[in-house]
Structure formats: C-alpha cells, structure tokens
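Okay, structure first, notes after.
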There are 2 protein chains.
Amino acid sequence: MSRIRTFPSFAMESLLRSSCQVLLPSVATCKRLHDCAKAKRRLLTRLYQPRSLWEESSSDNEATSRSQRLMIKAGLIRSSGPGCFHYLPYTVRAMEKLIRLIDREMQNIGGQKIDMPTLCSAALWRQSERWDLMGKELFRLTDRHNLEYCLGPTHEELVTHLVSMEGGINYKELPLLLYQITRKFRDEKRPCFGLLRGREFYMKDMYTFDLSEEAAHTTYRNVCGAYSDIFKILGLPFVKVQADAGNIGGTMSHEFHLPANIGEDKLLVCGNCDFSANVETLNKNEIKCPSCSGALKETKGIEIGHTFYLGTKYSRVFKAICYDSQGKPITTEMGCYGIGVSRLLAASLEVLCNDDDIHWPGIIAPYQVCLVSPKKGSKEAEAISVAESLYDEITQNVVQLRDETVMDDRDNLTIGKRVKEAHMMGYPYIIVVGKKALENAPLFEVRCHHTREVQFMSRSGLIDLLRSVEVI
Amino acid sequence: MSRIRTFPSFAMESLLRSSCQVLLPSVATCKRLHDCAKAKRRLLTRLYQPRSLWEESSSDNEATSRSQRLMIKAGLIRSSGPGCFHYLPYTVRAMEKLIRLIDREMQNIGGQKIDMPTLCSAALWRQSERWDLMGKELFRLTDRHNLEYCLGPTHEELVTHLVSMEGGINYKELPLLLYQITRKFRDEKRPCFGLLRGREFYMKDMYTFDLSEEAAHTTYRNVCGAYSDIFKILGLPFVKVQADAGNIGGTMSHEFHLPANIGEDKLLVCGNCDFSANVETLNKNEIKCPSCSGALKETKGIEIGHTFYLGTKYSRVFKAICYDSQGKPITTEMGCYGIGVSRLLAASLEVLCNDDDIHWPGIIAPYQVCLVSPKKGSKEAEAISVAESLYDEITQNVVQLRDETVMDDRDNLTIGKRVKEAHMMGYPYIIVVGKKALENAPLFEVRCHHTREVQFMSRSGLIDLLRSVEVI
C-alpha cells in the first residue's frame with residue numbers, strides 16, 4: 001500500500017507543493033517510454049487513422065452525403081450500425097474543441113454546466129404527457145425491477161423536476177441558465193447522412209428560468225445572440241428562421257440552419273427584408289413575405305440549432321417556482337435551446353468542403369499544422385533533420401501549437417503525395433521542408449489550406465506567423 | 001442569411017485573421033450583458049448550488065456513505081432515481097478536471113482518444129458469448145425494427161470489431177492504445193453509496209493491441225504505471241492488488257483500491273513484502289502470504305481501477321490481426337484497462353474528507369480560491385471595495401486562476417459563517433478580507449483548507465503564493 005499524502009510542516013510554501021497538490025514532474029511518466037524524444041513528436045505514422053478505405057471503395061458509394069463520404073474516406077468515423085458511429089481520434093479532437101467553444105460562449109452569457117442522466121423515468125415523461133406523444137422515436141427499456149425508462153432525447157422533464165425539487169429559486173439567482181453537453185438518443189426511422197441524422201448524437205441543451213415573460217424574452221434574445229456568435233466564429237453561413245415548436249411545445253421558436261442541398265428542411269427567405277421561416281410555419285402556397293410582401297425564395301437547410309420559448313408548459317406540470325423580491329411564489333417562465341453538436345461538426349464539413357478536400361472551421365481543426373519532411377533517398381533527404389529541428393522549434397516556441405502540430409514522417413512517400421493528402425485532411429497550415437530548406441538562408445514552403453495560397457518563409461517569419469494562429 | 005466567410009486578399013497575415021479563423025472579440029458577447037464588470041466576477045450568489053438541504057435534513061440520513069452525504073449536503077449531486085444522478089455545476093467542474101488529468105496521462109503513454117456508441121448490438125455480444133453471461137446486469141432494449149441492443153457497460157466487443165474491420169494493424173502502429181471516457185451502464189441490483197455504485201457512471205476504458213505476449217506485458221506495465229501516477233497526483237492512498245478477471249476474461253488482472261471501511265472488496269495485504277491481493281483470488285482460509293509466508297492483513301477497498309491482460313480472447317473471436325515486419329498476419333494480443341471516473345471522484349471524497357468538510361484532491365477542486373468579503377454594516381464594511389479590487393487583481397495577474405476564483409458576495413452574512421461554509425465546500429485557498437485590509441499596509445488572511453493553517457499576507461505576497469498554485 002503506498003501512502004502518498006504527507007502531512008506537511010508549517011511553511012505555507014511547502015504546503016502548496018507537497019500536500020494541497022501532489023504533482024509529479026511529467027518526467028516520471030516520460031522515463032517509462034523507450035524513446036522519449038521521439039515519443040514527444042506527434043508522428044503521423046503513430047496516429048490511428050485507418051487508411052484501408054483511403055482509396056474510393058465500393059462502401060463509399062453507400063455514403064449519402066459529402067460529409068459522410070469524406071469522413072469515412074479520411075478515417076474520421078466508422079459506422080457501428082444504423083445511425084451509430086465510432087468517432088476516431090481526429091474527430092474526437094475536433095469535437096472537444098467545438099465543445100470548448102460552446103462552453104465558452106454559454107458561460108459568457110451566464111450558463112452553468114450540469115450533467116443529467118441518460119435514463120429518464122417514464123413516470124416524469126407521463127406527467128408531461130410526452131411518453132405517448134413521442135411514439136417510436138423514443139428508445140424505451142425496463143430495468144431488472146420492471147421500471148420503465150427512456151433514453152433521453154431531450155431533458156425538459158428532468159431539469160424542471162430537478163429545479164422544483166429544491167423548492168423554488170430566489171429572484172437573485174435569476175435568470176438561471178443550466179445546460180449540458182451529453183449524448184442523446186432518438187430512434188430515427190431512417191438514420192442517414194452519417195453524423196447528420198444519427199440515432200446517438202451529442203447535443204448541447206440549455207434550459208432557462210425567469211421570473212416574468214419579459215425577462216424570459218431577454219434571456220431568449222441573449223441565447224440566440226450567443227448561438228449566432230458561435231456560428232460566426234466557426235465561419236459558417238447560417239440563417240435564422242421562425243420555426244414550429246413541434247412536440248417540445250411553447251409559443252415562440254426559431255431554428256438556425258446551414259443552407260445545403262441535402263438539408264431536410266425547406267426554408268423561405270425574403271429577398272427584401274430579414275424575414276425568413278421554415279415552410280412548416282407558413283400557410284401552404286404562401287409566396288409573399290408576411291412582413292413586406294416581398295418575394296420569398298426557397299432554400300434547403302440543415303438544422304443546427306433550435307430555440308424555444310416554453311412559457312410555463314413544463315414549470316406548471318412540475319411545479320417549478322421562483323420567488324420575487326417580495327417573496328411571492330411565481331411559476332417560472334422557461335426556455336429551452338439546443339445545438340446538435342455532432343451534427344454541427346458534420347454540417348460544417350458538408351458546407352465548407354469540396355468533393356476532394358476537407359475544410360474544417362479553422363478554430364476546431366483537429367490539428368492546426370502538418371509538417372511534411374523530404375522523401376528518404378531524394379536529393380533533399382538531408383533536410384529530414386532540418387524538418388525535425390523545425391518541428392521541435394515550433395512546439396517549443398509557439399505555446400498554443402505544442403499539441404497542434406503533426407509531423408508527416410512517412411518518408412517513403414514523395415512530398416507531393418503527402419501534401420495532397422494533407423490538403424485532403426484539411427490541416428489549416430501545411431509546412432513543407434524541401435530543397436530550399438538546405439540553402440544558406442533556409443526557406444520553408446507554407447501553404448494556407450483554405451485559400452491554397454503558397455509562400456516561402458524564413459524560420460523566424462514562419463514562427464511569427466504561427467504565433468498568430470488562434471486555437472481553443 | 002449571414003455570410004461571414006470572406007475570401008481574402010493575398011497577404012498571408014490577413015488570411016490568418018479573416019478567413020482561416022474568424023474570431024470575434026469576446027467583447028461582442030460581453031456587450032449583451034447588462035453589467036459587464038460585475039458579470040465578469042464569479043459571484044457565489046450567482047452559482048447554482050442548491051442550499052435548501054444545507055442544514056442536515058431527514059433525507060441526509062438515507063445517504064449511505066460519507067461522500068454521498070457530503071455531496072448531497074453541499075449541493076454537488078441530486079438523485080434522479082436509483083443509481084442515477086444529476087451532476088450539479090461544482091461536480092461538473094471537478095469531473096472535467098479529473099478527465100483532463102486522465103487524458104494527459106493516457107496520452108503521455110501514447111493513448112489515443114476515441115468515442116464508441118452506447119448502443120451495442122446484441123449480435124456482437126453474442127459472438128463473444130457475453131450476451132447471456134452478463135445476465136441482469138445488462139440493460140437491454142430493442143429498436144423500432146426489433147433489433148436488440150445493450151447499453152454498453154464496457155466495449156471489448158465493439159473496439160475489437162472496429163479494429164478488425166480495417167483488415168489488420170501494421171506493426172509500425174503498435175502498440176496501439178485506444179481509449180474513451182464515456183458514460184457506461186450497469187443494472188446493479190442494489191445501487192448505493194451515491195456515485196460509488198451507480199447504474200449510470202463515467203468510465204475511462206482503454207484497449208491495447210500488441211504483436212506478442214511480451215510486448216503486451218510491456219504495455220500492461222506502462223498502463224499500470226500511468227494509473228499509479230494518476231492516483232499519486234491526486235494524493236490518494238491506494239493499493240494495487242492481484243485480482244480475478246471475472247466476466248471480462250484473460251489471464252492476468254490487477255485492481256487498484258482505496259482502502260475504506262465502506263469498500264465492498266476484501267483485500268489481503270502482506271506486512272512483509274509487497275504482495276497484496278483481492279481475497280477472491282486466494283484459497284479460502286489462506287492466512288499466509290504466498291510469496292514470503294508473512295502474515296496477511298485484511299482491509300476493505302473501493303475499486304477505482306482494473307487492468308486485464310486479455311491475450312487473444314476477443315481478437316480470436318473478431319479476427320483482429322496485426323502484421324509483423326515480414327507481413328505475416330498474427331492474432332493481436334490485447335489488454336483492457338478501466339478507471340471508474342465518477343467513482344474515483346466520489347471515492348476521493350470518501351477517503352479524504354472528514355464528517356464536516358469536503359477535501360478535494362487539490363488539482364481537481366472545482367475552484368481553487370474563495371474570497372470572502374466583509375459583512376455589510378460591520379466595522380470593516382469599507383473593505384468590501386478592497387475585496388473587489390483584490391478579486392480583480394488576482395484574476396488579472398494570476399493567469400491560471402482567472403476562472404478559478406469565487407467571490408462569496410453574501411455580505412448579509414458574517415465572515416465567520418462564510419469561512420465555515422467555504423471550509424465545508426473544500427476550496428483549497430480561502431482568502432478573507434477583513435479589518436487588517438484597511439490598515440496602511442493592508443494584510444489579507446489566507447487559509448489553507450487542507451492543513452487549516454492561517455497566515456496574514458501582503459497583497460504582493462498573496463499574489464506570489466497564488467501564482468504557484470497548479471491547476472489542470
């Protein structure tokens with residue numbers, strides 16, 4: 001039995017180090033590795049990214065959308081059954097960045113992160129009358145004691161019940177914005193388009209609580225503003241439309257869409273004013289804008305976000321109240337707000353990529369930089385060691401790229417083939433160490449994937465450039 | 001429709017900012033808030049931490065372990081049914097830190113993070129013959145097409161199938177260490193002790209692939225080493241024992257335990273040598289150490305980690321092969337390794353806390369610092385503004401504590417009551433702004449929660465001290 005926690009001497013300094021926080025130098029871990037220096041470089045050959053399907057194969061043809069085809073081709077995801085996917089390492093990195101971005105923006109407007117169970121009791125869903133309403137979309141199961149549950153596709157019941165259990169929210173705590181980013185479940189009739197319409201998916205769902213309708217509307221506008229910010233930061237062309245509240249309920253609802261041909265929603269956008277709507281919300285054959293009578297243009301959209309002003313639909317059922325400054329109990333006004341996180345990732349690729357190459361929203365690219373070294377046995381082979389020292393210089397001097405730089409060490413392949421693959425994988429910056437790296441004043445080829453612009457830069461120019469790359 | 005992605009001019013610099021990464025200044029978000037400066041301070045009154053159960057209530061008595069009782073009392077978790085819990089904001093912060101620590105240590109030994117589905121097809125589980133073996137512990141359900149699934153309690157089947165789908169691993173990619181940190185499910189007969197034995201829980205599960213038994217043993221030792229590092233960094237007294245492989249299978253297995261009275265495993269530890277084992281692995285009535293014949297001492301443990309050398313148990317079934325340097329296909333040698341992440345969090349509290357106060361492993365405390373300002377109307381009330389400026393100074397000058405400092409702004413309460421509560425919540429550093437903050441050379445009271453040591457420090461001394469606090 002190893003007892004590590006020691007009870008320290010009086011000096012505050014020593015407390016800090018020995019007991020409040022026991023930290024081993026990372027060297028301890030490092031020693032275990034056979035080749036420490038090499039292990040520190042992130043080598044492409046060591047990354048798990050299945051390439052057996054790299055060349056177009058028959059199974060690619062089953063892929064029904066551009067993002068799905070590219071994600072399978074590049075070894076980003078693998079199907080494990082209808083609507084269920086393995087996320088492979090590149091995808092996990094992109095997802096974690098997307099989640100950090102959403103966390104940041106939700107917390108900027110006062111959101112507090114919680115984590116609710118997947119198993120939702122049927123009793124609560126019956127109370128809200130959604131147990132029957134949801135029909136076959138709900139995955140249902142019973143436990144060993146024959147109690148019924150569903151796998152939560154959304155959590156209005158649980159969160160309202162949670163808040164009501166505490167016996168009321170004080171007005172000082174309002175607006176209360178609780179959110180989670182967890183796996184959700186929906187038994188889609190025909191899952192398709194990869195992560196765009198799965199049966200298991202990641203969703204960010206936020207639930208807000210206010211004292212009055214007016215305050216709830218202010219909160220609604222704040223959350224919608226944060227949603228717009230997120231999509232802008234990702235560099236996505238999005239459209240916000242008025243929407244139908246469906247089986248969530250409530251009296252006001254908006255959807256955020258990425259316009260795309262494979263989108264499953266029909267949107268009508270006014271050419272004159274800023275009116276836009278999901279066709280579901282309009283009368284059939286409506287062809288003029290209800291605001292300005294301008295012409296409406298039809299487009300298709302992939303839904304990436306949905307906001308609902310719920311009023312007291314759930315708070316009445318579960319008796320979730322708040323207290324005003326006079327101590328009077330008031331049924332709380334609620335809103336709920338969803339972003340399909342895994343869908344947003346795939347939808348971004350759907351609209352940003354071309355048929356050959358992946359284009360990530362820059363800030364969530366799995367790695368920011370790919371460094372390509374010369375081919376073994378080629379004229380510029382001496383520059384292999386230059387590439388290694390450049391890699392070390394980048395990861396030592398550009399703090400935020402320490403964990404963001406991949407060395408394509410497949411030195412049995414030509415530079416050209418590897419550069420092509422690097423563009424296909426969508427690294428925002430591709431650095432090629434070639435012939436010019438051996439000159440007296442060494443130059444490195446820098447390719448901006450997004451614009452396909454190419455420049456030769458000195459070592460210090462390159463480092464300066466990389467220092468300005470923003471990561472999350 | 002707002003099109004944000006612009007196609008930029010030639011200059012590389014402008015590319016970086018305008019197109020590869022569109023980033024709005026966070027000011028944009030900030031403007032939406034009514035009171036920006038105030039919103040930036042993390043005020044205790046704005047944190048969702050239900051206090052209705054703060055005072056011992058009858059429901060506390062139902063709590064069956066110290067960690068569960070404290071976590072309910074402090075508003076860290078709420079039950080939503082047998083073995084299912086809401087994690088409230090403080091807990092989510094601690095969990096995210098614990099996950100970052102585990103990620104770091106797993107990646108240090110070459111682990112690559114993936115994310116596998118929760119819905120596991122019955123067909124795969126039948127192939128490994130575990131569908132029947134697992135009995136009532138498995139949550140089972142059928143989808144709308146009557147296909148059978150279980151909610152994965154562990155993922156040997158899925159990961160082995162994933163790897164085999166790619167048609168074989170090249171020897172250069174070995175050892176391959178894939179892991180995930182996801183929610184797992186087990187229909188426990190009697191869930192109890194809060195997060196210690198739940199039906200939904202977070203687990204880190206790693207699966208390793210090697211070319212030979214010898215290589216697999218090296219990998220096994222590396223992962224065990226990383227596990228020890230994690231528990232040491234957390235400052236936990238742990239014991240590693242030989243264990244039974246149970247229904248996971250394989251030929252070698254170890255468990256990591258935290259010794260505790262409520263532990264459900266009986267361990268025998270030798271007083272002479274480093275032998276220790278779960279009683280399950282020994283003959284009944286064995287009282288002497290099999291290695292040195294020394295006396296064995298019995299203790300109880302909470303299992304926080306479990307490692308298995310699997311051999312080819314799963315790789316044979318799913319035909320997961322790797323290729324050696326001659327291109328010869330070989331059935332891969334596997335290992336699997338679990339850490340119960342949510343259980344580890346609760347178990348840490350179980351062994352580190354006393355009956356009144358929470359003690360977090362320092363590095364995963366939800367917040368590192370709590371700043372207590374004077375009571376309104378008291379003699380030192382003038383110092384309220386000193387507390388505010390001290391808060392701002394800390395968050396501006398101590399980079400790593402920017403998001404780690406809470407201001408207890410409940411200035412209707414005495415300093416004494418709030419300090420008591422801050423100790424109960426387990427903030428590692430509690431700073432009190434009292435009478436001495438108004439002196440010509442202001443002094444602040446600094447309390448190290450872990451040792452209960454108290455010192456008065458100047459502003460600059462305090463900042464220096466806080467700069468050395470390590471966070472993850």
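As I understand it, the dipole of the stretch A:367-467 uses +1 on the Cβ of Lys and Arg and -1 on the Cβ of Asp and Glu, about the Cα centre. Which of A:378, A:438, A:368 lies farthest toward its positive end?
Projecting each Cα onto the dipole axis, the largest value belongs to A:378.
Once each part is reduced to its C-alpha centroid, what is the distance from the stretch A:134-208 to the stretch B:237-267 in angstrom?
Answer, in whole Å: 35.
What is the dipole size for the stretch A:233-299, taken about its Cα centre, with +1 at each Lys and Arg Cβ and -1 at each Asp and Glu Cβ, in debye to the nearest 20?
180 debye
When Lys and Arg each count +1 and Asp and Glu each count -1, what net charge do the other residues less than 11 Å away from residue B:338, Cβ to Cβ, add up to?
Charge balance near residue B:338 sits at -1.
Quote the accessible area belonging to residue B:46 in square angstrom, nearest 10, computed with a 1.4 Å probe and with ligands, DNA and RNA left uncounted.
80 Å²
Excluding residues fewer than 8 places away in the same chain, name every one of the aspartates and glutamates whose C-alpha is closer than 16 Å to that of residue A:420.
A:55, A:56, A:355, A:356, A:357, A:408, A:409, A:411, A:445, A:453
In whole Å, what is the distance between the alpha-carbon centres of the stretch A:350-421 and the stretch A:60-126?
Using only Cα atoms to place each centre, the spacing works out to 26 Å.
Using +1 on the beta carbon of Lys and Arg, -1 on that of Asp and Glu, and nothing else charged, what's the dipole of chain B about the Cα centre, debye to 20?
1240 debye
Scan around residue A:81 for amide H atoms under 5 Å from its own, H built in the peptide plane at 1.01 Å from N, and keep only partners 5 or more places away or cross-chain.
Under 5 Å from the amide H of residue A:81 lies no amide H from a residue far enough along the sequence or on another chain.
May I ask for the accessible area buried between chains B and A, both sides summed, probe 1.4 Å, to the nearest 100 Å²?
10800 Å²
Given the pairs A:266/A:288; A:232/A:417; A:379/A:417; B:113/B:184, which are separated by over 23 angstrom at their Cα positions?
Among A:266/A:288; A:232/A:417; A:379/A:417; B:113/B:184, the Cα-Cα distance tops 23 Å for A:232/A:417.
Quick one: what are the phi-derived ³J(HN,Hα) couplings along the stretch A:362-367, Karplus 6.51/-1.76/1.60 with θ = phi - 60°, whole Hz, x for glycine and proline?
Per residue, the Karplus-derived 3J(HN,Hα) values read x, 5, 10, 4, x, 10 Hz.
Using 1/(1 + (r/R0)^6) with R0 = 51 angstrom and r between the beta carbons of residue A:137 and residue B:288, what's the FRET efficiency to the nearest 0.05?
Taking R0 as 51 Å, the efficiency between residue A:137 and residue B:288 is 0.25.
Could you order B:124, B:443 so the one with the most accessible surface comes first? Probe is 1.4 Å.
B:443, B:124
Carbon-plus-sulfur fraction of the accessible area of the stretch B:367-467, 1.4 Å probe, in percent?
Carbon-and-sulfur percentage of accessible area, whole number: 50.
Please check which bits of the stretch A:422-444 a label hung off residue A:378 would reach, taking the label as a point 7 Å along Cα-to-C-beta and the cut-off as backbone N under 19 Å.
Backbone N within reach: A:422-427, A:429-440, A:442-444.
State the percentage of accessible surface on the stretch B:156-279 attributable to carbon and sulfur atoms; use a 1.4 Å probe and exclude ligands, DNA and RNA.
Carbon and sulfur: 45 percent of the exposed surface of the stretch B:156-279.
I'm a student and want to see the number: the projected area of the Cα convex hull of the stretch A:338-472, averaged over all directions, in nm².
8.6 nm²
Between residue A:441 and residue A:399, what's the calculated FRET efficiency when r is the beta-carbon distance and R0 is 35 Å? Round to 0.05.
With R0 = 35 Å, the Cβ-Cβ based efficiency is 0.85.
Any idea what the dipole of the protein assembly as shown comes to, in debye rounded to 20, about its Cα centre with Lys/Arg Cβ at +1 and Asp/Glu Cβ at -1?
280 debye
Setting aside same-chain residues fewer than 8 positions from residue B:40, which lysines have a Cα under 16 Å from its Cα?
Residue B:40 reaches B:31.
Any idea what the relative contact order of chain B is, in percent, if you count C-alpha pairs under 8 Å spaced at least 6 apart?
14 percent
For every other residue with a beta carbon closer than 14 angstrom to the beta carbon of residue B:102, add +1 if it is Lys or Arg and -1 if Asp or Glu, then tell me the sum.
Cβ neighbours under 14 Å give a net charge of +1.
If you average 1/r over all unlike Cα pairs in the stretch A:92-352 and invert the result, what Kirkwood radius do you get in angstrom?
It works out to 19.3 Å.
With every protein chain kept in place and ligands, DNA and RNA left out, what is the accessible area per residue of chain B? Probe 1.4 Å, answer in Å².
Result: 40 Å² per residue.
What number, rounded to the nearest 500 deg cm²/dmol, is the helix-based mean residue ellipticity at 222 nm of chain A, given -39500 (n - 2.57) per DSSP H run of at least four residues and division by all its residues?
-8500 deg cm²/dmol
Tell me, what does the Kirkwood hydrodynamic radius of the protein assembly as shown come to in angstroms if you use every pair of distinct C-alpha atoms?
Value: 29.8 Å, from the Cα pair sum.
Counting only protein chains, not ligands or nucleic acids, how are B:389, B:468, A:460 ordered by accessible area (probe 1.4 Å), most first?
A:460, B:389, B:468
Considering the options A:211, A:150, A:191, tell which one lies farthest towards the positive end of the dipole of the protein assembly as shown, charges being +1 on Lys and Arg and -1 on Asp and Glu at the Cβ, about the Cα centre.
A:211
For the modelled label position 7 Å from the Cα of residue A:417 along Cα-to-Cβ, which residues of the stretch A:335-373 have backbone nitrogen atoms closer than 18 Å?
Of the residues in the stretch A:335-373, A:371-373 have backbone N under 18 Å from the label point off residue A:417.
Work out the FRET efficiency for residue B:298 and residue A:454 from their Cβ-Cβ distance, taking R0 = 51 Å, and round it to the nearest 0.05.
Calculated transfer efficiency: 0.15.
Hey, what angle do you get for helix B:156-165 against the long axis of chain B, alpha-carbon based, 0 to 90 degrees rounded to 10?
With both axes taken from Cα atoms, the answer is about 70 degrees.
Which of the listed residues, B:245, A:401, B:358, is farthest toward the dipole's positive end in the protein assembly as shown, when Lys, Arg count +1 and Asp, Glu count -1 at the beta-carbon?
Most positive-ward Cα: A:401.
The values are calculated or read from the model by the stated rules, or taken from the named source; none is laboratory data. All of these numbers come straight from a predicted model, not from anything done at the bench. Every residue, glycine among them, receives a Cβ derived from its backbone with ideal geometry; neighbour counts consider all protein chains shown. Accessible surface is based on the protein model in full, side chains and every heavy atom, while ligands, DNA and RNA are left aside. Shrake-Rupley method; radii C 1.70, N 1.55, O 1.52, S 1.80 Å.
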